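Please read through the structure below; I'll follow up with questions.
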Amino acid sequence: MKKIAHMALHDALTGLANRVLFRQHIDEAIERSGDASAALLFLDLDRFKIVNDTLGHPIGDRLLVEVAERLGAVLDEDLLCGPARRR
């Protein structure tokens with residue numbers, strides 16, 4: 001049952017929170033923050049489509065996993081909305 005719950009809330013490739021879990025984390029953070037300030041960092045990989053189109057989806061997938069692992073190595077799990085794990 002734990003594996004099914006994990007699969008429902010995490011990206012299969014990177015292990016990061018999917019949109020559903022991300023939204024839950026955001027809603028909880030807003031509720032907890034009260035009047036305190038908060039921030040959200042949006043990270044976009046520029047020209048990622050070019051990587052997929054020219055080098056192929058397997059290379060693009062490896063790039064996504066590498067980015068997730070590097071983020072996981074430098075950010076607290078709570079800040080990342082879940083651990084970056086290679087499957």
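Every number in this text was worked out from the coordinates using simple rules, so none of it is lab data. Everything numeric in this text was worked out from a predicted model, so none of it was measured. Because the Cβ atoms are built from the backbone with ideal geometry, glycine has one as well, and the counts that use them run over all protein chains shown.
Once phi is turned into θ = phi - 60°, what whole-Hz ³J(HN,Hα) does the Karplus curve with 6.51, -1.76 and 1.60 give for every residue of the range 44-60, x standing for Gly and Pro?
10, 8, 4, 6, 4, 4, 5, 4, 4, 5, 9, 9, x, 5, x, 5, x
Note down the Stokes-Einstein diffusion coefficient of the chain in µm²/s, whole number, using a Kirkwood radius over alpha carbon pairs, 25 °C, and 0.890 mPa s. It would help to have the intermediate numbers written out before the result.
Values: Rh = 14.4 Å.
My calculation gives 170 µm²/s for D.
Let me ask something else. How far apart, in nanometres, would the label points at residue 25 and residue 6 be if each is projected 7 angstrom from Cα along the Cα-to-Cβ direction?
Roughly 1.6 nm, to one decimal.
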